[in-house]
Amino acid sequence: MANPFVTGPDVAQNLRTDLPVFREFAWDYEKDQFLYDADGSHKIVEKNEAIKVWVLHALRCERYRYLAYFDDYGIELEPFVGTGPNDKERSSELFRYVKEGLLVNPYILDVTALSTLLDHKKITMTLQLETVYGTTSVGIEV
């Protein structure tokens, strides 16, 4: 039996170094649509920019609703809609749901809330993502 107090290489970390380069279709955040090349084909982004696109789409998808996605994809926002005031307690609970939904991606190692802004019924969060490619930040609005 192995000694549980002996530190060794982290198996999960080793698996993450063997991941292929993360790629996603490029997204125009202002127009809310895909970006295309001059010949009409989709532009492809890689690494942290691709992770930002994935985060946007994962946060827009309600978990457990669509059969096309696995059960761990997306987040549960419906419990927050019209059920209580948007206050500091609710924003920390919302962050917990967001973090849980984003950490299913093996390229994302950690999620930290840099700032949370409460403006009447709207919660705006700035998230710092620690990925296998480094650190990046993403803003979300609920």
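The figures follow:
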{"read-out": "Amide proton proximity set for residue 109, modelled H, under 5 Å, gap of 5+", "value": "130, 131, 132"}
{"read-out": "Potential lengthening between residue 36 and residue 117 on full extension [0.36 nm per residue; Cα-Cα distance subtracted]", "value": "25.8 nm"}
{"read-out": "5 angstrom amide H check on residue 123, placed H, neighbours 5+ away", "value": "142"}
{"read-out": "Added length on full extension, which subtracts the Cα-Cα distance from 0.36 nm per residue, residue 135 to residue 56", "value": "26.8 nm"}
{"read-out": "Pairs from 43/121; 31/121; 43/122 whose Cα-Cα separation, in the structure shown, is over 27 Å", "value": "43/121; 43/122"}
{"read-out": "Heavy-atom accessible area ranking, 1.4 Å probe, most first, across 107, 73, 133", "value": "133, 73, 107"}
{"read-out": "Accessible-area ranking of 45, 132, 111, largest first, probe 1.4 Å", "value": "132, 45, 111"}
{"read-out": "Built amide H within the under 5 Å cut-off of residue 76, gap 5+", "value": "63"}
{"read-out": "Area of residue 27 that stays accessible when all protein chains are in place (1.4 Å probe, Å², to 10)", "value": "30 Å²"}
{"read-out": "Solvent exposure ordering (accessible area, 1.4 Å, most first) of 31, 47", "value": "31, 47"}
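The values are calculated or read from the model by the stated rules, or taken from the named source; none is laboratory data. Keep in mind it's a predicted model, so treat the numbers as computed, not measured. With ligands, DNA and RNA removed, areas are computed over all heavy atoms of the protein, side chains included. Shrake-Rupley method; radii C 1.70, N 1.55, O 1.52, S 1.80 Å.
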